[in-house]
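Asker: Quick one: this structure, given as structure tokens, is what I'll be asking you about.
Only the coordinates and a few stated rules stand behind these numbers; no lab work does. Fair warning: this is a prediction, and the values are worked out from it, not measured in the lab. Positions of Cβ are generated from backbone atoms using ideal geometry, with glycine treated the same way; all protein chains shown enter the neighbour counts.
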Amino acid sequence: MQVLGIFPDAYSLSILLGALGFKEGKQIHGYIVRTMFKSDPFLETALIDMYSSCGRILEAWFVFDHLEVKSNVVVWNVMIGGFLENGWWEWSLKLYSLMKCENVKFVSESFSIR
């Protein structure tokens with residue numbers, strides 16, 4: 001895309017993050033930071049999922065913790081699922097409780113994460 005002078009949008013980058021490993025995903029994260037300054041729920045969720053899936057739960061938490069807007073239930077579910085996927089059971093429960101305290105609207109997936 002870059003060779004052709006086509007700039008990827010958030011949706012394209014989200015798809016790439018889901019298909020790549022840690023090294024390439026980290027490079028895309030750097031590209032996002034350098035070129036896109038406003039928050040995008042697709043990218044934020046894809047970054048958290050990519051880091052979690054690669055076993056890099058602290059990097060996933062860093063992205064989640066620095067979100068400008070945390071009202072999106074999907075990003076909460078992905079972070080909770082990332083904790084579960086990586087064996088951080090207590091943290092997933094803590095985040096679930098925090099989600100309730102923050103008045104994030106629950107959906108059915110909030111109760112049946114992975």
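Asker: Quick one: how many lysine pairs in region 10-111 have C-alpha atoms under 23 angstrom apart, if they're 8 or more apart or on different chains?
Answerer: 7
Asker: From the helices alone, meaning DSSP H stretches of at least four residues, give me the mean residue ellipticity at 222 nm for the chain, per-run term -39500 (n - 2.57), in deg cm²/dmol to the nearest 500.
Answerer: -19500 deg cm²/dmol
Asker: Summing +1 for each Lys or Arg and -1 for each Asp or Glu, what net charge is found among the other residues whose Cβ lies under 15 Å from the Cβ of K38?
Answerer: Values: positive: R34; negative: D9, D40, E44, E68.
Neighbourhood net charge equals -3.
Asker: For the chain, what is the charge dipole size about the Cα centre, in debye to the nearest 20, if Lys and Arg each add +1 at the Cβ and Asp and Glu each add -1 at the Cβ?
Answerer: 60 debye
Asker: Additional query: Taking region 32-114, which chymotrypsin sites (Phe, Trp or Tyr not before Pro) meet the DSSP loop condition and have no more than 16 other C-beta atoms within 10 Å?
Answerer: F37, F106
Asker: At q = 0.12, 0.13, 0.19, 0.23 Å⁻¹, what is the base-10 log of I(q)/I(0) for the chain according to the Debye formula with one equal point scatterer per Cα and no solvent? Please give it to two decimals.
Answerer: -0.42, -0.49, -0.97, -1.34
Asker: With the contact rule set at Cα under 8 Å and sequence spacing of 6 or more, what percent relative contact order holds for the chain?
Answerer: Numbers: 107 pairs, mean separation 23.4, N = 114.
Answer for the chain is 21 percent.
Asker: Trypsin sites (Lys or Arg not before Pro), restricted to region 49-107: which are DSSP loop and have at most 11 other Cβ atoms within 10 Å?
Answerer: K105
Asker: Of S92, S52, S71, which has the largest mean-square fluctuation in a 10 Å C-alpha GNM of the chain?
Answerer: The residue with the greatest mean-square fluctuation here is S71.
Asker: Take peptides 4-10, 17-23 and line them up by average Cβ neighbours within 10 Å, highest first, as a rough protection proxy. Provide the component values of the computation, followed by the final result.
Answerer: Numbers: 4-10: 11.0, 17-23: 13.3.
Result, highest mean Cβ count within 10 Å first: 17-23, 4-10.
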